[in-house]
Amino acid sequence: MFSFLPGNRKSLSDDDLLRHFQSMGDPDSLGELYSRYMHLVYGVCLKYLKNREESKDAVMQIFEKLLKDLPAYEIRNFKAWLYVITKNFCLMQLRSRQSSEKKIKLWQNDPENNMESEAFLHPLDDDLLQTNRALKECIEKLKKEQRECVNWFYYENKSYREIAQFPDMDENKVKSLLQNAKRNLKICLENKHVEKI
């Protein structure tokens with residue numbers, strides 16, 4: 001149906017590129033189509049997320065989502081459809097962020113966790129969530145299992161029980177990994193604070 005020579009995608013309409021991607025799975029066709037509206041996607045993300053780095057990340061995440069999900073949709077106006085997808089993606093990110101903050105507050109107020117010494121109180125407080133670049137760097141330095149538990153619990157909103165369903169996990173291990181992760185994050189963040197002084 002389509003015969004492409006290198007470089008001739010630019011001359012095709014949105015509909016042609018969309019149909020070619022959906023029928024042939026050609027990522028370059030989607031790449032050309034998406035590049036036409038990346039400024040729109042970034043603008044919408046910036047409007048909702050209010051953070052340049054998060055918005056840049058979102059632009060890439062949305063493209064990856066399109067690569068996987070787009071073949072299943074019947075689309076008449078790609079630009080309008082992409083705007084809605086982008087807006088919904090951002091709203092889900094904001095909801096997830098708010099849910100994480102609520103979960104953190106509940107977790108901090110849980111009597112079981114308050115039995116810890118003050119030195120080990122949860123480092124993921126609201127102030128750090130607002131300026132979380134240092135926190136993300138510290139999370140990346142955690143051991144793999146600790147890092148995964150932190151991401152599942154705080155960023156994907158999974159419960160102890162849900163995380164315990166993963167291979168080689170149980171609820172006691174999840175609690176232990178999160179507690180050790182908290183301690184390591186606190187140390188890492190304190191060191192970063194000392195470096196800035």
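Each reported figure results from applying straightforward, stated rules to the coordinates on display, with no laboratory input. This structure is a prediction, so every number in the text was calculated from the model and none was measured. We place every Cβ from the backbone using ideal geometry, glycine too, and count neighbours over all the protein chains shown.
The Cβ shell under 15 Å around Arg9 holds other residues with a net charge of -3, Lys and Arg each +1, Asp and Glu each -1.
Past the 19 Å Cα-Cα mark, which pairs from Lys143/Lys173; Lys68/Lys144; Lys10/Lys56; Lys68/Lys158; Lys143/Lys186?
Among Lys143/Lys173; Lys68/Lys144; Lys10/Lys56; Lys68/Lys158; Lys143/Lys186, the Cα-Cα distance tops 19 Å for Lys68/Lys144; Lys10/Lys56; Lys68/Lys158.
Full extension of the chain between Arg76 and Asn191 gives 36.1 nm of extra length, using 0.36 nm per residue less the Cα-Cα distance.
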